[in-house]
Amino acid sequence: MGAHSFEVREAADGDRHQVAKLFAAVAEERDGIATEPPLDVEELAEAWRLDGTLVAAAGDEVIGWLHVERSVFGFGEIGMLVAREWRSRGVGSALVAAAIDWGRRHELHKLTLSVFPHNEAAIALYRKFGFEHEGYRKKQMRRASGELWDLIEMGLLL
């Protein structure tokens, strides 16, 4: 595997700690995901649900994560993050493509997600794969700072 190559695969039990560390690192940025620090990495690793979880790995390092939370109603809700140094290098695209494939194989009829309006790169990525704007939630997320952030709801029929 070259310096810029990676693979996307279903998460394994051995990925738990690296996924938790990646999640904590992205949470520290305080602008791309809803979760904010502090996080207990060990506790998070132990509690991680592997069903519906995909990882992007460069060698032995987990550099991206995507989880599809299946609903009993036939749709899946996506959460995704990519290590800062791997953004804009195709990792997000590979994860979203794999999630769409995963959703179809598991007979989901739709994928949904929420994204902050300021996360223009993520919105462009989702639109590239056909996700459509389905709603806007004003002042939906209370941040640790007390600020209230909006969310854009997007969906893709499979």
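A short reminder: the numbers here are calculations on the coordinates, not readings from a lab. This one's a predicted model, so the numbers in the text were calculated from it and none came from an experiment. Note that we place each Cβ from the backbone using ideal geometry, even for glycine, and neighbour counts take in every protein chain shown.
Please identify the GluC sites (Glu not before Pro) of segment 112-158 that satisfy two criteria: DSSP loop assignment and at most 13 other Cβ atoms within 10 Å. Which are they?
Values: sites: E120, E132, E134, E147, E153; in loops: E147.
Passing sites in segment 112-158 are E147.
For Y136 and S71, calculate 0.36 nm times their separation in residues minus their Cα-Cα distance, and state this gained length in nm to one decimal.
On the way: separation 65, 0.36 × 65 = 23.40 nm, distance 2.10 nm.
Here the answer is 21.3 nm.
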Using a basic spin-label model with each label point 7 Å from the Cα along Cα→Cβ, how many nm lie between D31 and R127? 2.0 nm
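Determine the relative contact order of the chain: mean sequence separation of Cα pairs under 8 Å and six or more apart, normalised by residue count, in whole percent. Walk me through the intermediate numbers first.
On the way: 269 pairs, mean separation 30.0, N = 158.
Once normalised by length, the contact order is 19 percent.
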Where in segment 96-158 are there trypsin sites (Lys or Arg not before Pro) that are in a DSSP coil and have at most 13 other Cβ atoms within 10 angstrom of their Cβ? R143
Compute the distance from the alpha-carbon center of segment 42-58 to that of segment 79-148, in whole Å. 17 Å
Calculate, for E107 and D60, the FRET efficiency according to 1/(1 + (r/R0)^6) with r their C-beta to C-beta distance and R0 41 Å; round to the nearest 0.05. 0.80
Give me D for the chain in µm² s⁻¹, whole number, from Stokes-Einstein with Rh from the Kirkwood sum over alpha-carbon pairs, 25 °C and 0.890 mPa s. 152 µm²/s
At R0 = 22 Å the Cβ-Cβ FRET efficiency linking A47 and E10, nearest 0.05, sits at 0.75
Fewest-first sequence of Y136, Y126 by Cβ atoms within 10 Å of each Cβ: Y136, Y126
Extension gain from L39 to S93, taking 0.36 nm per residue of separation minus the Cα-Cα distance: 16.7 nm
